[in-house]
1. State yes or no: is ALA188 at pLDDT 75 or above, part of a helix (DSSP H, G or I) and out of contact with any helix residue (DSSP H, G or I) (no Cβ under 6 Å at 6 or more places or on another chain)?
2. Restricting attention to region 247-275, report how many residues are farther than 30 Å from LEU147 by Cα and open to solvent by 100 Å² or more (accessible area, probe 1.4 Å).
3. Only one of (1) free of Cβ contacts under 8 Å to residues at least 40 places away in the same chain; (2) more than 30 Å from ARG139 (Cα to Cα) fails for THR83. Which number is that?
4. Name the one entry in LEU94, LEU151 that is surrounded by 10 or more Cβ atoms within 10 Å (Cβ to Cβ), in contact with a Phe, Trp or Tyr (Cβ under 6 Å, 6 or more places away or on another chain) and at pLDDT 75 or above.
5. Please find, within region 108-148, the residue that is modelled with the highest pLDDT out of those that are assigned to a helix (DSSP H, G or I) and among the small types (Gly, Ala, Ser).
6. Can you list residue pairs whose Cβ atoms sit under 9 Å apart, with the first residue in region 132-155 being under 19 Å from LEU81 (Cβ atoms) and the second being aromatic (Phe, Trp, Tyr) and open to solvent by 90 Å² or more (accessible area, probe 1.4 Å)? Count only pairs 6 or more apart in sequence or on different chains.
7. From GLU53, GLU36, which residue is in the same structural domain as MET1 (by the TED database) and within 60 Å of the chain's Cα centre (by Cα)?
8. Hey, could you check region 20-42 for residues that are outside any helix (DSSP H, G or I) and among the hydrophobic types (A, V, I, L, M, F, W, C) and say which is surrounded by the fewest Cβ atoms within 10 Å (Cβ to Cβ)?
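The values are calculated or read from the model by the stated rules, or taken from the named source; none is laboratory data. Treat the numbers as computed from the prediction; the structure is a model and nothing was measured. Cβ: placed from backbone, ideal geometry, glycine included. Neighbour counts: every protein chain shown. Note: accessible area is taken over every heavy atom of the protein model, side chains too, but ligands, DNA and RNA are not part of it. Shrake-Rupley method; radii C 1.70, N 1.55, O 1.52, S 1.80 Å.
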Amino acid sequence: MRFARSKRGLRLKTVDSCFQDLKESRLVEETFTIDEVSEVLNGLQAVVHSEVESELINTAYTNVLLLRQLFAQAEKWYLKLQTDISELENRELLEQVAEFEKAEITSSNKKPILDITKPKLAPLNEGGTAELLNKEILRLQEENEKLKSRLKTIEIQATSALDEKSKLEKALQDLQLDQGNQKDFIKAQDLSNLENTVAALKSEFQKTLNDKTENQKSLEENLATAKHDLLRVQEQLHVAEKELEKKFQQTAAYRNMKEILTKKNDQIKDLRKRLAQYEPED
């Protein structure tokens, strides 16, 4: 404001000198005609117009250079500046600036030894760096708190999904255990029958050997046949187990359970990916 006031004072002195030069150079006669007066005023108008235009252009360019310095410093510190052009014509604010200038002129004329009440701004290039860094730290801390809150929410959702998955897996295991018990029961029953058959054949074979009958060869053939029957029955049992398992997989309960587990696994994978995105870096 001191710089602008000094420049404004110089321009006003220039305008005053234009009028003074006109008075000294042209106003030497006592009477003037209309044409002479018009010529004098036109010349004065041209001179004053040139001076005022030069001052306005210089003021505009000076403001551009000042703003350029501010923008360069803001770009250096990655600051986001916002301006409101309408505030430049706010009469209330302009009056406040005028009052501030008057107060500055008054205080500069008094030349106080020490002014404690009037705060001063820290320079942006040196002392202001700490304040800017503190503001940036506060902003990052707030953003970190928000991320922590979102991370906590995602962790709760992931825990809930894992609990639900565990319940479904346990239900599936119980269902498979029941099905396995049924298979074991059928298998044990078939094996018991086969063991009884083999035991009976062995008993008969042993009895035949003890009696030393002539049917030893026939009994041996019967034993071989029984062994083949045992293998055939075991093969049939294996086929029956596969068919039973295939029928179980085709049941609606198994398909629904498998579909639910698949969806839950996909949800858990998605939540883990989202959780990895918000985990703080070391």
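1. When the stated conditions are applied, ALA188 does not pass them.
2. 4
3. Result: THR83 passes all but (2).
4. LEU151
5. Keep residues of region 108-148 that are assigned to a helix (DSSP H, G or I), which gives 108-110, 128-148.
Remaining after also requiring among the small types (Gly, Ala, Ser): 108, 128, 130.
Working: SER108: 71, GLY128: 55, ALA130: 63.
Per the criteria, the residue is SER108.
6. Final answer for the pair search is GLU136/TYR78.
7. Details: GLU36 fails: within 60 Å of the chain's Cα centre (by Cα).
Every option except GLU53 fails the conditions.
8. As a first pass, look at region 20-42 and keep what is outside any helix (DSSP H, G or I): 26-33.
So of that shortlist, the ones also among the hydrophobic types (A, V, I, L, M, F, W, C) come out as 27-28, 32.
Working: LEU27: 10, VAL28: 7, PHE32: 13.
That would be VAL28.
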